[in-house]
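Student: What follows is a structure written as structure tokens; I'll ask about it next.
The values are calculated or read from the model by the stated rules, or taken from the named source; none is laboratory data. Just so it is clear, the structure is predicted and the values come from calculations on it, not from any experiment. Here the Cβ positions follow ideal geometry from the backbone for every residue, glycine too, while neighbour counts run over all protein chains shown. Side chains included, ligands, DNA and RNA excluded: accessible areas come from the protein's heavy atoms. Shrake-Rupley method; radii C 1.70, N 1.55, O 1.52, S 1.80 Å.
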Amino acid sequence: MGKDYGEPIRYDPNFNGPIHNRSCTDIIWLIIFILFLGAWGYIGYYSMTRGSVEKLLAPIDTRGRRCGLDSGLENKKYLIFFNIAKCLSPGTPITGCPTTQVCVERCPDKTVLFKKELEQNPSSFQQIKYDMVCTEDVNIQTMTYAQAIQYIQEEKCANFILQSQPVLFRCIGDLSTLQCKDTKKTTAWTENRSNGETCVRNPEDAQKSLLNRATALDSYVGWIAASWVTFFTRNERETHVLSSQIVQDLVQSRWYMAGALVAVVLLCFIYILLLRWVITPVVWLSIAGLFALMGFAIYLCYKNYEYYKANPVGLYQTTNLKGYAQSIFAKQETWLVILIAVAVVLLILFLVVVFLRSRITIAIALIREGSKAVTSIKSTILFPIFPWIFQCAIIAYGILVLMFLLSIGESAFRVVNLRNDTSCSCGGVYTEEGASCNPLTFAEKCHDTSSVGGLLPCQLASCHFTGIDNPHNVIYMHLVNLLGFFWAMFFISGVADMMLASTFSTWYWTFHKNDLPFFTLTSGIYRTLRYHLGTVAFGALIIAIVRVIRVILEYIDHKVKKFDNPFTRCIMCCCKCVFWCLENFLKFVNKNAYIMCAVHGKNFCRSANDAFSLLMRNIIRVVVLDKVADFIFFLSKLLISIGVGFAVYYLLEWNYVYEVTKGERLHYNYVPAVILSVATYLICTIFFNVYSMAVDTLFLCFLEDCERNDGSPEKPYFMSKNLMKILGKRNKKTT
């Protein structure tokens, strides 16, 4: 084993921790990284000067013009729909909303039924005509009463306007003011009557449905959300308000969730302190607690299985989300499968713990060392906040550049629904489905031949905005932006890892821990920034390239779905699996290379080789110590996050909470419980990453300590007495 992976590290009487006389490493890669950041910055400048995010967010009227941007519409930033009820169709994301849409200066502040008012009270025409919304070719100033009636029939003017609120520059109104005279018509969401009125099945449902659609961006992006919400709200009434109830629950419980997150942070601090002082019982109690939670989950699954076995329920509609979920979780077979799955996982974890119980004891000692290091250098606990802030800035910049790049180019329009609209005639200008079109030309040439005079717009066919045609060079800019994003993200995390590695290795190689320098973390930060940014840049680039390849594979996999066959699925699955394994292996190598570089000051390749050789010479210890420690951290994070989820759920079930807070009960207690559980896991990950880096650093130092020293007075071990006791080692006293 030693011959294959190099000779053990020899004793050096001058070595007492991270060397001070070191030189800069991998400078060329730091220069390349800086130049690349300059290129990435230029791409950001290029995209921001030639693109406009407003082009993605700005609504587009029926003639294809962007409200607030195009000539003549500078003061008309908002889009109004003549009949927004037509936008509730599931096909809206594909074909566009089949109603006339015009840009206006402001959204209506009141609801007016123009045709009804004009027919019942013609004398009110002069009062309401300036409130009418019409297409650009209609002169409202000179319009007469007869022309107003005609324009409404020809759909050049809106039949009604709704009191609306601007949501992303779209006027989202309230359909509850429009009710059917014939209340028996409940077979569809909306029905266009011959007199132009709109019949709404249930005004409350329609209002909530429109509020759920308030986040729609435009026909290019936003109406995708509209169709999904429509899918969720098409059938039984209780599912119509599902999205609204969830949002209402989140709004109502927002302060409780914020307080719970603060409590989670405090819980993490308390847990870290417990790991410092009572590590052994905390670890074993954590494992026992996780087993208890999983046992409780098995009990709940069994009770549900027994209940649905004794009380079979009827069929649920599966054309909506809630009905589909109910149709699954109301079956005894579902709970039986979940019960078996949880039981199998519990059994596997139990067997792993039983067989590794002795190794867990050693891993606990290693974690105790990490706890001592972290608590000795308390500033390391808060250290992850700073790289996290930098990473948030990188994420914001990457997304901003992406949006600006997407906005570079010309708007693209395609003819849709021409085949399905047999009464639509374009005078031979447009004859093929999917052909490129000009919205202005389409509005002038295409009419419904079945209408009176053949002047009305086509009922189904339209010139639909399909996106923005980007120039060819934008593709390469996307690749640079993607590589820059991942490279910068991995660079920041790598710099943080090396700083912590330098700090914790200093702690380990300080023989008398009371002699630890006060500015240990500051020294680690300085050494990393002064000498080893090039090494981190090189390591980060390797992982970033693999990650970009993985993203490209996902993109290719998405594109070849229409050519799906077993061969392509197999090839894509193998490629994605290989690169996933490669990325995780490289992350493991990088982390240990950073540790060796922090200690010995060598370049990336030599540090990676030394770390890999050291680990391979001690492969058994790597598996049973380092990985067991990672397993314990994972169980701890799992325990805290699952425990918080259960605690929040049953706390919200407690009547006393609502009596004290005077608040209303939530519709779905599991929504904040799940969100807080996930948030808890992420917060725990941030805190435990410091512990994980401490354990990894100390483990590598421990392996080097075992090879470099033998416990003699000339070559004493630097490890703690407790760790030496567990491993059966000791430092001999001077005679």
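Student: Could you list, ordered by first residue, the pairs with Cβ atoms under 7 Å in which the first is in region 435-449 and small (G, A, S) and the second is assigned to a strand (DSSP E or B) and open to solvent by less than 40 Å² (accessible area, probe 1.4 Å), at least 6 apart or interchain?
Tutor: That search, which allows pairs on different chains as well, returns A435/V415; S436/F413.
Student: Are there helices (runs of 4 or more DSSP H) fully within region 649-734 with at least 3 residues that are at pLDDT 75 or above and in contact with a Phe, Trp or Tyr (Cβ under 9 Å, 6 or more places away or on another chain)? List them.
Tutor: The qualifying helices (runs of 4 or more DSSP H) are 670-708.
Student: Name the pairs whose Cβ atoms lie under 7 Å apart, with the first residue in region 166-179 and among the basic types (K, R), the second modelled with pLDDT under 75 and open to solvent by less than 20 Å² (accessible area, probe 1.4 Å), and 6 or more positions between them or separate chains?
Tutor: R170/A216
Student: Failed condition for I348, given (1) within 30 Å of V690 (Cβ to Cβ); (2) at pLDDT below 80; (3) surrounded by fewer than 15 Cβ atoms within 10 Å (Cβ to Cβ), with all others met?
Tutor: Against the list (1) within 30 Å of V690 (Cβ to Cβ); (2) at pLDDT below 80; (3) surrounded by fewer than 15 Cβ atoms within 10 Å (Cβ to Cβ), I348 comes up short only on (2).
Student: If we keep just the residues of region 507-523 that are hydroxyl-bearing (S, T, Y) and either touching a helix residue (DSSP H, G or I) at 6+ places or on another chain (Cβ under 8 Å) or in a helix (DSSP H, G or I) (or both), which is surrounded by the fewest Cβ atoms within 10 Å (Cβ to Cβ)?
Tutor: Looking at the filtered set, the residue picked out is T522.
For (1) within 30 Å of C701 (Cα to Cα); (2) touching a Pro at 6+ places or on another chain (Cβ under 6 Å); (3) open to solvent by 50 Å² or more (accessible area, probe 1.4 Å); (4) at pLDDT 85 or above, each residue gets a yes or a no:
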{"residue": "K3", "(1), (2), (3), (4)": "yes, no, yes, no"}
{"residue": "I28", "(1), (2), (3), (4)": "yes, no, yes, yes"}
{"residue": "A39", "(1), (2), (3), (4)": "no, no, no, yes"}
{"residue": "I43", "(1), (2), (3), (4)": "no, no, no, yes"}
{"residue": "T49", "(1), (2), (3), (4)": "no, no, yes, yes"}
{"residue": "I84", "(1), (2), (3), (4)": "no, no, no, no"}
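Student: When region 354-408 is examined, which residues are found to be under 26 Å from the mean Cα position of the chain (by Cα) and outside any helix (DSSP H, G or I)?
Tutor: Passing the criteria: F383, P384, S407, I408.
Student: Tally the residues that are open to solvent by 60 Å² or more (accessible area, probe 1.4 Å), in contact (Cβ under 8 Å) with a residue 60 or more places away in the chain and part of a helix (DSSP H, G or I), restricting the search to region 115-147.
Tutor: Number satisfying all stated conditions: 1.
Student: Can you tell me how many residues within region 524-541 are touching a Ser or Thr at 6+ places or on another chain (Cβ under 7 Å) and either over 14 Å from V599 (Cα atoms) or in a helix (DSSP H, G or I) (or both)?
Tutor: Result for region 524-541: 6.
Student: Across region 397-453, which residue is modelled with the highest pLDDT among those that are among the charged types (D, E, K, R) and closer than 30 Å to N481 by Cβ?
Tutor: Top of the filtered list is R414.
Table: residues versus (1) open to solvent by less than 50 Å² (accessible area, probe 1.4 Å); (2) among the polar types (S, T, N, Q).
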| site | (1), (2) |
| --- | --- |
| L460 | no, no |
| H464 | yes, no |
| N470 | no, yes |
| Y476 | no, no |
| L479 | no, no |
| L483 | yes, no |
| M489 | yes, no |
| S493 | yes, yes |
| A496 | yes, no |
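Student: Conditions: (1) modelled with pLDDT of 80 or more; (2) open to solvent by 60 Å² or more (accessible area, probe 1.4 Å); (3) of a type outside the set (A, V, I, L, M); (4) over 14 Å from L162 (Cβ atoms). R106 meets all but one. Number of the miss?
Tutor: The failed condition is (4).
Student: How many residues does region 689-710 contain that are open to solvent by less than 10 Å² (accessible area, probe 1.4 Å) and within 24 Å of the chain's Cα centre (by Cα)?
Tutor: The number of residues fulfilling the criteria is 1.
Student: So, restricting to helices (runs of 4 or more DSSP H) that lie completely within region 225-316, which ones have at least 2 residues that are surrounded by fewer than 19 Cβ atoms within 10 Å (Cβ to Cβ) and at pLDDT below 65?
Tutor: Here the list reads 237-240, 242-252.
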